[in-house]
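Beneath this line is the structure, given in structure tokens, with notes to follow.
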Amino acid sequence: MEKGKGVMGSGRRWAVDFSDNSTAPSSRDIPDPPGFTRASADQDDSTVSRQKKDAESNWKAQKAWEVAQAPFKNLLMMGFMMWMAGNTVHLFSIGITFSALWQPISALQGVGKVFEPYKDSKVELLGPKLLFIALNLGGLALGVWKLNTLGLLPTHASDWVSSLPPAQEVEYSGGGIPL
């Protein structure tokens, strides 16, 4: 017997016949179980791809809102850290305060980059962007408030004394009330 030849002597060693010669009912004759819908052959790929695109658009919209709400967590954390730093001027409180100012400013500069992955013709990004901007402006206001409580903002007249011109000397001739 030659190597590679089957017992039958034909050129193929194994052969499987997939033709159905049985008298048993086919799978098409058995009804589908309740709740099961068979994908019809006339359902084209465009509806499937449209459903996938809709699902992707919904996912992008959901993720955009999650990204927009992320500064709220930062706002709470930064507020707690500022409260822990106290109201005295020292290195830690100044560092925390300037961090509270820098983070929202850098986030506001990168709004376009943050929402770039979620751009889609079906996804409305105006609402998430406005929420993101509002929360970061809230963080910026928190930092400015902390600067004010530390006394580092010039809000009193005495803070501007050094920029006022020196007072003119008036000669006093005596008697009466000086001007």
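Every number in this text was worked out from the coordinates using simple rules, so none of it is lab data. On a predicted model such as this, the values are computed, not experimentally measured, just so you know. Cβ: placed from backbone, ideal geometry, glycine included. Neighbour counts: every protein chain shown.
Before moving on, here are some points about what is shown:
- Applying the Karplus relation 6.51 cos²θ - 1.76 cosθ + 1.60 with θ = phi - 60° to segment 46-58 yields 3J(HN,Hα) values of 5, 5, 5, 5, 5, 5, 5, 5, 5, 5, 5, 5, 5 Hz, where x marks Gly and Pro.
- With a simple spin-label model that places each label point 7 Å from the Cα along the Cα-to-Cβ direction, the separation between Thr149 and Ile30 comes to 7.1 nm.
- Pairwise label distance in nanometres, Val16 with Ser49, each label 7 Å out on the Cα-Cβ vector: 3.3 nm
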